[in-house]
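The next block holds one structure in the form of structure tokens; read it before the comments.
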Amino acid sequence: MTALDDLVDRYMDELAVLDPCQAAIMGIAGQDSRLTDYGPDGLAARADLARATLARLDALAPAAPPASASAAGSGGTAPDSPPSTTPRTVPGTAAGTAPGTEADCDRIAAAVLRERLETDLALHDARVHDTALNTLEGPLQRLRIAIELLDRGPDTDWDAVRGRLRALPGALDALRTGLVAACQNGRVIARRQVARNVQGCLETPGCLAELAARHGAGPLRAELDDAVADASRALTEFAEFLSGELAARAPERDALGADRYQLGVRDLLGTTLDLEETYAWGWEELARIETEMDEAGERILPGEPLPAVRAALDADPAYRIRGADAFRAWIQELADRAIGDLDGVHFDIPEPLRRIECRIPPVESGVYYLAPSEDLSRPGRVWWTVKDRDQDIVTWTVPGIMFHEGVPGHHLQLGVTILNTGLNRFQRLSSELYPGYCEGWGLYAERLMGELGYYHDPAHRLGMLAGGQQFRAARVILDIGMHLELKIPAGAGFHEGERWTPQLGLEFLRAHAGPQPEAAINFEIDRYLGLPAQAIAYKVGEKVWLEAREVARARAGASFDLKDFHRRALALGPMGLDRMRAELTRP
């Protein structure tokens, strides 16, 4: 253990107490009956913890040059590594070790923690969290997820479920206090986000009742039912507050502007961007991908336009599965087969990661992956929303998405991180805080499987392009365009010269995201407008992964080994994109 490791352990323990919902997502046990205080007191306490931890870190390791600076010039390592209290060994895992010497490990670890703490304080000082209702991962979503994560089938801790259900009314009261205070100071989130959270409040009671019903009969079941009833009343009252008092004062305008957007880029990607240059690159990337899609469609149905190819694949019984249960079993087999195929050939997959659990969530929540818990009692899980549990589900776009969520995507990346004892506790458990790093790898994994020859069926290659790549490139254009209200460029073939609005965004997604239910398209627009820069993390992150790989390939020449590059890259652990680029391209 180093002094830095001791500092990190203290920080993580204190953070778990102050933010049980974050602890639940990270897989930290010990706070399972509690929920996070999203009111003013809770926000202040977490900011105080960040300041205190930063001061302790300063005492160990003065700030090194930023990643972008240290990557320039000679490319040498940054100075001022924290001192060790004892000599440090860097143990490995089956997937690799943390890179370099003890000093190198501590240099990286200190820089990653410092960057996270400074960014958290910048968000606090900008009062971002005061109005942080959004569609994807705001307080309401995190409160619900913290309760849902307790569902472990026959191993469910029902006392913890009861505790969190009982804590929900108080958590909503605290959140309401904060929103009212922000409102009185003229800070209110856009009406679109308020309306989406009203919908979430009204949908959640049914999910809570369904969870409680799994306990069966008995005295505790009565207590669970009472707690669900109290939580449901609190959710209804909170929905009334949102739709009444808050909505009346919420602005119609959704765009948050360049300054707030850059803060989102710093928070979610760990970099700075020339936003207009990135916007232009998004258009170029979308055109490139759609050309690839046309070529793939020509191989499936020569001479037919792409919409006809997609319609034919949708109707083909070979790409349809009836019912949620059969679909869950199919994606489970797909995930298991990928692990079996890749292990020992293209990756060395540790034994605990050779298990992945595919599940269908009870409410609309998209498709996402949740990493194993810190103690591995909860396996890595892929959650896949099914609209109608009894109808046919189209599958030709699914393999690419499963490679993104499972192996070699998030399950491998995040699982290797959790198992890597050469990283400190913050590094092992903080992947969720770095969408640029994580989602960039997920999208990179989709394309990598094509490079490795795993899209034998041309429909699955088209599905990868249409289900992931095209959609994510369109997001770059929309997310930046709508928040900055940029002009649509000449030659785009779409409302050229007009400035982006949510209405144009809806029309654009209908044209460039494939046939989707109108509710899904609306959800996407609401999602982008509620959490600036999250939607671009996928393509921008993938771009950095690809560029870093090519630098490493050019430097190594004929001796470049892709498996070894992946081992070393994943051993770094989660970090912002600037630092990742610097470390992966360091001589």
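Assuming PHE494 fulfils every condition listed in (1) in a helix (DSSP H, G or I); (2) surrounded by fewer than 19 Cβ atoms within 10 Å (Cβ to Cβ); (3) not small (Gly, Ala, Ser) apart from one, which condition is it?
Only one criterion in (1) in a helix (DSSP H, G or I); (2) surrounded by fewer than 19 Cβ atoms within 10 Å (Cβ to Cβ); (3) not small (Gly, Ala, Ser) is unmet by PHE494, namely (1).
Of the residues GLN22, GLN31, which is modelled with pLDDT of 95 or more, buried (at least 21 other Cβ atoms within 10 Å of the Cβ) and within 22 Å of ILE145 (Cβ to Cβ)?
GLN31
Let's see how each residue does on (1) out of contact with any helix residue (DSSP H, G or I) (no Cβ under 6 Å at 6 or more places or on another chain); (2) in a helix (DSSP H, G or I); (3) modelled with pLDDT of 95 or more:
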| site | (1), (2), (3) |
| --- | --- |
| ILE521 | no, yes, no |
| ALA533 | no, no, yes |
| VAL544 | no, yes, yes |
| GLU550 | yes, yes, yes |
| ALA556 | yes, yes, no |
| HIS566 | yes, yes, yes |
| PRO574 | no, no, yes |
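Confirm whether GLU451 is surrounded by fewer than 24 Cβ atoms within 10 Å (Cβ to Cβ) and touching a Cys at 6+ places or on another chain (Cβ under 8 Å).
Spelling it out, it is not the case that GLU451 is surrounded by fewer than 24 Cβ atoms within 10 Å (Cβ to Cβ) and touching a Cys at 6+ places or on another chain (Cβ under 8 Å).
Can you find a residue in segment 456-464 that is surrounded by fewer than 22 Cβ atoms within 10 Å (Cβ to Cβ), without any contact (Cβ under 8 Å) to a residue 24 or more places away in the chain, not in a helix (DSSP H, G or I) and not charged (D, E, K, R)?
Yes, the conditions are met somewhere in segment 456-464.
Tell me, yes or no, whether segment 506-516 has at least one residue that is at pLDDT 95 or above, assigned to a loop (DSSP other than H, G, I, E, B) and surrounded by 14 or more Cβ atoms within 10 Å (Cβ to Cβ).
So far as segment 506-516 goes, no, none of its residues is at pLDDT 95 or above, assigned to a loop (DSSP other than H, G, I, E, B) and surrounded by 14 or more Cβ atoms within 10 Å (Cβ to Cβ).
Just give me the residues in segment 393-409 being under 14 Å from GLU439 (Cβ atoms) and surrounded by fewer than 24 Cβ atoms within 10 Å (Cβ to Cβ), in sequence order.
Across segment 393-409, the qualifying residue is only ILE401.
Can you pull out the residues in segment 358-382 that are farther than 28 Å from ASP13 by Cβ and of a type outside the set (Gly, Ala, Ser)?
Selection gives CYS358, ARG359, ILE360, PRO361, PRO362, VAL363, GLU364, VAL367, VAL382.
Please tell me if ARG355 is surrounded by 13 or more Cβ atoms within 10 Å (Cβ to Cβ), at pLDDT below 95, of a type outside the set (Asp, Glu) and over 23 Å from THR204 (Cα atoms).
yes
Results for (1) more than 30 Å from VAL188 (Cβ to Cβ); (2) not charged (D, E, K, R), shown as yes or no for each residue.
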residue: GLU507; (1), (2): no, no
residue: ALA511; (1), (2): yes, yes
residue: VAL540; (1), (2): no, yes
residue: GLU550; (1), (2): yes, no
residue: ARG567; (1), (2): yes, no
residue: LEU570; (1), (2): yes, yes
residue: ARG579; (1), (2): yes, no
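Pick out the one residue from ASP526, ASP578 that is within 20 Å of ALA258 (Cβ to Cβ), acidic (Asp, Glu) and touching a helix residue (DSSP H, G or I) at 6+ places or on another chain (Cβ under 7 Å).
ASP578
Residues being modelled with pLDDT under 90 and under 17 Å from the mean Cα position of the chain (by Cα): count how many of those fall in segment 370-382.
Final tally of qualifying residues: 4.
Among what's in segment 227-240 and is hydrophobic (A, V, I, L, M, F, W, C) and touching a Leu at 6+ places or on another chain (Cβ under 8 Å), pick the residue that is nearest to ALA195 (Cα to Cα).
Residue satisfying both the conditions and the ranking: ALA239.
Report, ordered by the first and then the second residue, all pairs with beta carbons closer than 8 Å, sequence separation of six or more or different chains, a first member in segment 550-570 that is touching a residue at least 60 places away in the same chain (Cβ under 8 Å), and a second member that is outside any helix (DSSP H, G or I) and among the small types (Gly, Ala, Ser).
From segment 550-570, the pairs are ARG567/ALA95; ARG567/GLY96; ARG568/GLY96; LEU570/ALA95; LEU570/GLY96.
Mind counting the residues in segment 35-53 that are touching a Lys or Arg at 6+ places or on another chain (Cβ under 7 Å) and surrounded by fewer than 22 Cβ atoms within 10 Å (Cβ to Cβ)?
Final tally of qualifying residues: 0.
For residues in segment 335-344 being modelled with pLDDT of 95 or more and surrounded by fewer than 18 Cβ atoms within 10 Å (Cβ to Cβ), which is nearest to GLU405 (Cα to Cα)?
Here the residue is ASP336.
Could you look through segment 530-551, keep only residues that are of a type in the set (A, V, I, L, M), more than 16 Å from the chain's Cα centre (by Cα) and crowded, with 19+ Cβ neighbours inside 10 Å, and pick out the one that is farthest from GLU284 (Cα to Cα)?
Among them, the one singled out is ALA548.
Of the conditions (1) outside any helix (DSSP H, G or I); (2) in contact with a helix residue (DSSP H, G or I) (Cβ under 9 Å, 6 or more places away or on another chain); (3) over 27 Å from GLU439 (Cα atoms), LEU313 satisfies every one except a single condition; which number is it?
(1)
State all residues of segment 93-144 that are in contact with an Asp or Glu (Cβ under 9 Å, 6 or more places away or on another chain), small (Gly, Ala, Ser), over 19 Å from LEU577 (Cα atoms) and at pLDDT 85 or above; if no residue qualifies, say none.
Within segment 93-144, ALA126 is the sole residue that qualifies.
Here are some conditions: (1) among the charged types (D, E, K, R); (2) surrounded by fewer than 19 Cβ atoms within 10 Å (Cβ to Cβ); (3) in contact with a Lys or Arg (Cβ under 7 Å, 6 or more places away or on another chain). ASP526 meets all but one. Which one does it not meet?
Checking ASP526 against (1) among the charged types (D, E, K, R); (2) surrounded by fewer than 19 Cβ atoms within 10 Å (Cβ to Cβ); (3) in contact with a Lys or Arg (Cβ under 7 Å, 6 or more places away or on another chain), the one that fails is (2).
What are the residue pairs meeting all of these: first residue in segment 160-174, first residue over 18 Å from GLN141 (Cβ atoms), second residue in a helix (DSSP H, G or I) and among the charged types (D, E, K, R), Cβ atoms under 6 Å, and 6 or more apart or on different chains?
That search, which allows pairs on different chains as well, returns ARG162/GLU223.
Would you check which residues across segment 320-339 are touching a strand residue (DSSP E or B) at 6+ places or on another chain (Cβ under 6 Å) and either more than 17 Å from ARG354 (Cα to Cα) or in contact (Cβ under 8 Å) with a residue 40 or more places away in the chain (or both) and list them?
Across segment 320-339, the qualifying residues are ARG320, ILE321, ARG322, PHE327, ARG328, TRP330, ILE331, ALA335.
Within segment 147-170, how many residues turn out to be in a helix (DSSP H, G or I) and of a type in the set (Ser, Thr, Tyr)?
Residues meeting the conditions: 0.
Can you name the residue in segment 391-449 that is in a loop (DSSP other than H, G, I, E, B) and over 19 Å from ARG568 (Cβ atoms) and is also modelled with the lowest pLDDT among such residues?
GLN391
The values are calculated or read from the model by the stated rules, or taken from the named source; none is laboratory data. Only a predicted model underlies this, so the values are computations on that prediction, with no experimental measurement involved. Quick reminder, even Gly has a Cβ in these numbers, built from the backbone with ideal geometry, and neighbours come from all protein chains shown.
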